[in-house]
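S.K.: Here it is: the structure, laid out below.
The values are calculated or read from the model by the stated rules, or taken from the named source; none is laboratory data. If you're wondering where the values come from, they're calculated on a predicted model, not measured in any experiment. Quick reminder, even Gly has a Cβ in these numbers, built from the backbone with ideal geometry, and neighbours come from all protein chains shown. In case anyone asks, the SASA skips ligands and DNA or RNA and just uses the protein heavy atoms, side chains included. Shrake-Rupley method; radii C 1.70, N 1.55, O 1.52, S 1.80 Å.
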Amino acid sequence: NGLISRAVPAAAEQLRKSRLLLAEFLCEREEFSLALQRGQVEGSEKGPPRERALRLAASALVSSYRKAVELLRKRQMHQLVVQALHELGNLLWLEGDASGAREAWSDAVDTVFQFPYAIKNWCKCIESSLNPPQDPARVEILLLSVVLLAKHARLTKPKDMMAHLNATLFASNILEAILTTALPNPPRRDEFVPNKHRLREIFFGLRETRMILPPSSVYGGVDGCNFLSALSFFQNTLVVMNYQPARALPICSLYTYVATDVCRNVALSVKGRLLMVQSLIRCRFFTEAWLALYAISQNHDQPRGLVEAEALDKAIVEAQEMSNATPFLQHEEPWSEANTQALKKLVDFALTPAAAGVEEGATPSGTAAWNLWVFKKLKAEFLVTVCSYQRVFPKMNEPQEKERLVQLDKADVLLVEIWKEVTGKDDDREAWSTASRTFRESGGEEPVLPELARPLTEEEGELCAELRQQRAKIQEEKGDLGKAIQEVLYAMEFLRRFATTQSSKECNFGGRPDVYLRLHPGSKMWMRLRCAMVQLLIGQGRLAAAKAHIQQGLEETSATQNDVCRVELLMAKVRVEVLSGRLLELQGHRHLGALAAAECCLAHARRLPMPTPSAIYARMMLVSVLEQNPSLASLQRSEDSPEALEATGGAEEEVIDASEMSLLEAAGSIIISPMAKELQKKGKDKVEQSYHQQQKMLEELVAESLQDVEKLLKILGLQMTPRNLNSYCDFGDHGQEAFKAPADPPLMPGGASFRSLSNSDARQLPNIYLELMPLRLHCQLTLAALRLDL
């Protein structure tokens, strides 16, 4: 006991000394950097002596931290080990050592969960080591691990998109384990919407002042800006990659709580609520999105002063305004009377500069200006998404179709207005498209985009790309695919030029001049535009151009490790090959065509934590191909890994020279129609005997697709058979009649009729705008047909 009592203070003392040295080092580094930028440093001081002194101080500080970590590990003081590794990673990143920072932050996450290689094997870590926290100290260390995941993915693996997605899903599971197990927070992520739940505390008894969001210091925790930046990074990853956007709802709820009740910053509070609206629209929760936009426009739930108590009368007034509002009803068609009035009110919503966080008498800039632009953009996105709802037999002269075109025009006006406010330039897409077409046809000088009025940030550049993408959707809904393609091309050219002209920002205080942070949008938005371009070209019937873009996109996804977009591009390739009539072609050991592309697509989808809708579409197209051409089933490849499959064809097209093609033709290794050759080998009896096995295989594929759809709908929070919580509390006007025994059933069944709901039924009407519901119905009908055939 005496040895332990002496050893524990020694380990803590070593960490305290390291933190003091860190504070002194950062002050010296910042002082030197500022003096260097202001030109206050003499020529002799710029040279090696001053830099060498700073470098030696950094090395000594790193050694001190490593010694502190070793001592704390021996004493099993895990909480302090995590803090020390976090600070060590920050120091190494400051010095430009990205690999060292990656190892330190990864080791910190391993220490939190006591699981080796937790980031790499995060699915297993969640199953075995992520338990609901029992005390505030555990909640603090879990929240710190969320920030560590963001730093590890964003700063040390900027080009690995799957690392970003895996870190986001890991952090989402951590936050849900914290929020959904602490009363009075709801147990499901779809209930973290603003009109159902307002987060008032992260965990019972937790005060965000010690390890998370402490007062300003150079060590010991995470400040508000970094914490909110991590949450914003996770939300952006889910929304831009369009992978389970419902997971962003608890993240946005936590963002709003921290910005409103802890940081008490108006601009950040509005930004968090706008991120929530964006996530709700992507989830097709239109009623909740409409109410959230209405609350923002009415200045509801604004941050209070530090010594200002919550006013009950103001809360009652806000609650009455929300209850009296008539929102967009997601269980009715878009052009019903109630929804038409709701859309008209939506267009009139306005956000004042003061409510967005602009100080009195100041010009909108930074987060406040972003709030003003995104509020308008979300109104336009709401209109475009509602107008994209597919009707059965629309006609041009119908009143609903005319109203749809009117709403699309209103959305287009909003987007043009935002573009001019952000870039300071008028919309020149038509002029640029005309000049670009002239350059391709007759040569000459290549057209360039006009200079921007001011440099843009990464968020503003991504906003501009989203504006162009929304305008492309408007043109697509109007039926003008040519203009939609021009919008996407303009957005891609804008991002390309923005990336080449925008200067980078140093990530440290001048320690290493070759380490920078980019200030332009990354590959996530670029790949979204690439996939949109492919879908538009397929819709236009330009299959050769679509195939060229797919080839380029597959090369880009290989460079950025973006398996989500790779699956989507391979699904589009399956569709192109089917439309081209190229089901399967053999060139030596290479397999080409729709069947080979579908195999590669499904192999990459198996690497994802959960298949995407694109993978389900690819599997259903594979079912259609095999059902119509049963002989192709025997020609499927047996490899499981996507690398082994792509080595023999199916993804990127290989260019084969003429001599090799001649050799293959001479050897008879090029088979354009392997189906006919396969059928010639088989007898009639053998084909009939394998029919049952063929149908059984198709039935298993469709059943797997239906299970994947059910899983995706479960993530959205959809309950197929919701329970009526008031089933035993009928408050109708029936009196004692409700307690009488039901009458005997008739001898002859009556006509088909729907059951009437009771007056106290608590179940909500279904959402008819969910994108996966038509796919689920298609899978159910196909499965029923196959099982009946069996």
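S.K.: Could you point to the residue in VAL386, ALA354, GLY366 farthest towards the positive end of region 345-386's charge dipole, with +1 and -1 charges on the Cβ of Lys/Arg and Asp/Glu respectively?
M.R.: Comparing the listed Cα positions along the dipole, VAL386 ranks first.
S.K.: Note down the nm distance, to one decimal, between modelled labels 7 Å out along Cα→Cβ at THR438 and at THR457.
M.R.: 3.8
S.K.: Ignoring any ligand, DNA or RNA, what whole percent of the accessible area of region 24-174 comes from carbon and sulfur when the probe is 1.4 angstrom?
M.R.: The value for region 24-174 is 50 percent carbon and sulfur by accessible area.
S.K.: Could you order CYS263, CYS779 so the one with the most accessible surface comes first? Probe is 1.4 Å.
M.R.: CYS263, CYS779
S.K.: Taking 18 Å as the cut-off for C-alpha to C-alpha distance, list the pairs among LYS344/LYS402; LYS377/LYS410; LYS547/LYS573; LYS124/LYS524; LYS345/LYS410 that go past it.
M.R.: Check vs 18 Å cut-off fails for LYS124/LYS524.
S.K.: Here is a follow-up. Can you work out the accessible area per residue across region 303-399, with the rest of the protein chains kept in place, probe 1.4 Å, in square angstrom?
M.R.: Heavy-atom accessible area per residue stands at 57 Å².
S.K.: Another question, then. Over region 126-241, what is the relative contact order in percent, taking alpha-carbon pairs closer than 8 angstrom and at least six residues apart?
M.R.: Dividing the mean separation by the residue count of region 126-241 yields 29 percent.
S.K.: Continuing with this model, one more query. Using a 1.4 angstrom probe and counting only protein chains, how large is the accessible area of MET720 in Å², to 10?
M.R.: 80
S.K.: Let me ask another. Rank these residues by their accessible area, most exposed first, probe 1.4 Å: TYR243, TYR117.
M.R.: The residues order as TYR117, TYR243, largest area first.
S.K.: At 1.4 Å probe size, what's the solvent-accessible area of ILE538? Round to the nearest 10 Å².
M.R.: Near enough 10 Å² of accessible area.
S.K.: Report the one residue of PHE115, ASN131, SER99 whose Cα lies farthest in the direction of the positive end of the charge dipole of region 91-131 (charges on C-beta: Lys and Arg +1, Asp and Glu -1; origin at the Cα centre).
M.R.: ASN131
S.K.: Now a separate question. Sort HIS164, HIS549, HIS589 by accessible area with a 1.4 Å probe, largest first. Let's see the in-between values first.
M.R.: On the way: HIS164 5, HIS549 40, HIS589 110 Å².
These residues rank, largest area first, as HIS589, HIS549, HIS164.
S.K.: Can you pull the percent of region 590-657's accessible area that's carbon plus sulfur, 1.4 Å probe, other chains left in place?
M.R.: C and S atoms contribute 50 percent here.
S.K.: Related question: Straight distance only, please: which aspartates and glutamates reach the Cα of LYS159 with their own Cα at less than 16 Å, same-chain residues fewer than 8 apart left out?
M.R.: GLU458, GLU555, GLU556, ASP563
S.K.: Right, something else. Note down the magnitude of the dipole of region 98-213 about its Cα centre, charges +1 on Lys and Arg C-beta and -1 on Asp and Glu C-beta and zero elsewhere, to the nearest 20 debye.
M.R.: Dipole about the Cα centre, nearest 20: 300 debye.
S.K.: Ok, one more. Just how large is the dipole of region 555-663 about the Cα centre, in debye to the nearest 20, putting +1 at every Lys and Arg Cβ and -1 at every Asp and Glu Cβ?
M.R.: 480
S.K.: Hey, another quick one. Keeping all protein chains in place, calculate the accessible area per residue for region 71-224 (probe 1.4 angstrom), answer in Å².
M.R.: Counting only protein heavy atoms, the per-residue value for region 71-224 is 41 Å².
S.K.: So, one more: With a 1.4 Å probe and every protein chain left in place, work out the accessible area per residue of region 530-584 in Å², rounded to a whole number.
M.R.: 33
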